[in-house]
Amino acid sequence: QGKGDASLKKIRNPRLLQQAEVDKRLKALHRRARWLDSRFSCFCGMLRFGVESLVGLIPIIGDFAGVFLAVTYMNTIRRRFDVPPSIVSQMTINIAIDFCVGLVPILGDLVDTLFKANMRNYALVENYVLQQRKAAQDLEVGGGGGGEGLQEPRPGYFPDLPLRLNAKSAAKAVAMSRR
């Protein structure tokens, strides 16, 4: 187990543990997207490119290998977070654009390097997670219609975000936060 795993075990509150797990998963996804799209730089850091761009330089085979890497990354995202179909379709469109543009020799590889489909897909997931956190926080602050009135959120506190958020788990998270 890595150093980060030991620090997660020290957290006593299960909600904080779950939130720490979500943040840990997001960080791992960001590292992988960065590795695929912007790990290296040239021209004094003005142009960043990743492994997918290097593989894409191989005609035809490289473009298919790039799609394979991007689809594998997208499936990792789908396994770790239950993203809605609308986000999955946006991620698929990003991958399709990346593939089609990459098929054009030389110029397509340059545009492919600038497009960064995996970083775009990471941004979609990160925005989704932040929206879910805000929605969970709004549910907690709103009182849920139970006649309890408004509760002030604790500073710097986000209610736990279930890894697979749905209406039932959101209601459960709000109920647990009021105990």
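The values are calculated or read from the model by the stated rules, or taken from the named source; none is laboratory data. Keep in mind it's a predicted model, so treat the numbers as computed, not measured. When we count neighbours, we look across all protein chains shown, and the Cβ atoms used for this are built from the backbone with ideal geometry, even at glycine. For the accessible areas, the whole protein counts, side chains as well, though only heavy atoms, and no ligand, DNA or RNA atoms are used. Shrake-Rupley method; radii C 1.70, N 1.55, O 1.52, S 1.80 Å.
Please specify each residue of segment 25-47 satisfying the condition of being in a loop (DSSP other than H, G, I, E, B) and touching a residue at least 60 places away in the same chain (Cβ under 8 Å). Give the derivation first.
Taking segment 25-47 first, the residues in a loop (DSSP other than H, G, I, E, B) are 38-39, 43-46.
Answer for segment 25-47, where residues must be in a loop (DSSP other than H, G, I, E, B) and touching a residue at least 60 places away in the same chain (Cβ under 8 Å): just Ser38.
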Legend entry - Every pair of residues 6+ apart whose Cβ atoms lie under 8 Å, when the first sits in segment 65-82 and is in contact (Cβ under 8 Å) with a residue 24 or more places away in the chain and outside any helix (DSSP H, G or I) while the second is open to solvent by 70 Å² or more (accessible area, probe 1.4 Å) and among the polar types (S, T, N, Q): Asp82/Asn166
Legend entry - Meets criteria (within 28 Å of Tyr128 (Cα to Cα) and touching a Ser or Thr at 6+ places or on another chain (Cβ under 7 Å)) for Ser38: no
Legend entry - Ile93 vs. criteria open to solvent by 50 Å² or more (accessible area, probe 1.4 Å), assigned to a helix (DSSP H, G or I) and not hydroxyl-bearing (Ser, Thr, Tyr): yes
Inset, instruction - Only residues that are exposed (fewer than 14 other Cβ atoms within 10 Å of the Cβ) and among the charged types (D, E, K, R): list them for segment 25-44, please. - result: Lys27, Arg31
Legend entry - Residues (surrounded by 15 or more Cβ atoms within 10 Å (Cβ to Cβ) and under 23 Å from Lys27 (Cα atoms)) located in segment 99-125: Thr113, Phe115, Lys116, Ala117, Asn118, Met119, Arg120, Asn121, Tyr122, Leu124, Val125
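Determine whether Ile11 is under 23 Å from Val111 (Cβ atoms) and at pLDDT below 95.
Values: under 23 Å from Val111 (Cβ atoms): no; at pLDDT below 95: yes.
Spelling it out, it is not the case that Ile11 is under 23 Å from Val111 (Cβ atoms) and at pLDDT below 95.
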Legend entry - Conditions (1) closer than 21 Å to Phe43 by Cα; (2) touching a Phe, Trp or Tyr at 6+ places or on another chain (Cβ under 6 Å); number of the one not met by Gly108: (2)
Legend entry - Ala65 being open to solvent by 10 Å² or more (accessible area, probe 1.4 Å) and touching a helix residue (DSSP H, G or I) at 6+ places or on another chain (Cβ under 7 Å): yes
